[in-house]
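The values are calculated or read from the model by the stated rules, or taken from the named source; none is laboratory data. What you see is a predicted model; the values in this text were computed from it and never measured. FYI the Cβ positions are ideal-geometry reconstructions off the backbone, even for glycines, and counts take in every protein chain you see.
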Amino acid sequence: MTRTDSDSVRVELVGCAGLGSHISVDRSAVAEGRLKIQFGAGYEHFDLDHFTDTNDDGEPVAVFVWTDRTWIAE
């Protein structure tokens, strides 16, 4: 889900130790309002909480708050 092309946007993550506070994700993930990020042996889940003011490009920054961790099944 992490992207580096023109379809990606920077978002802020809150509430999960170990992941950076800002990452790039696909724009469609912001529209869905949920993120699922593989980290270690599981997935960290985040829900869209609010938008902050704007970034350097003049776009609002989506703030996602950690909600849950699930484990990868073997």
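When only residues in region 11-52 that are assigned to a strand (DSSP E or B) and among the basic types (Lys, Arg) count, which is farthest from GLU74 (Cα to Cα)? Steps first, answer last, please.
Our first condition is that a residue be assigned to a strand (DSSP E or B); within region 11-52, this holds for 11-14, 22-26, 34-39, 42-52.
Of the ones still in play, those that are also among the basic types (Lys, Arg) are 34, 36.
Working: ARG34: 24, LYS36: 18 Å.
Checked region 11-52; the qualifying residue farthest from GLU74 (Cα to Cα) is ARG34.
Could you run through region 40-74 and say how many residues are under 12 Å from the mean Cα position of the chain (by Cα) and of a type in the set (A, V, I, L, M, F, W, C)?
Within region 40-74, residues that are under 12 Å from the mean Cα position of the chain (by Cα) and of a type in the set (A, V, I, L, M, F, W, C) number 8.
Across region 9-39, what is the total count of residues that are at pLDDT 90 or above and over 19 Å from PRO60 (Cβ atoms)?
Within region 9-39, residues that are at pLDDT 90 or above and over 19 Å from PRO60 (Cβ atoms) number 5.
So, in region 53-74, exactly how many residues are in a strand (DSSP E or B) and surrounded by 11 or more Cβ atoms within 10 Å (Cβ to Cβ)?
The initial filter retains those residues of region 53-74 that are in a strand (DSSP E or B), namely 53-54, 60-71.
Next cut, surrounded by 11 or more Cβ atoms within 10 Å (Cβ to Cβ) only: 60-69.
Total satisfying the criteria: 10.
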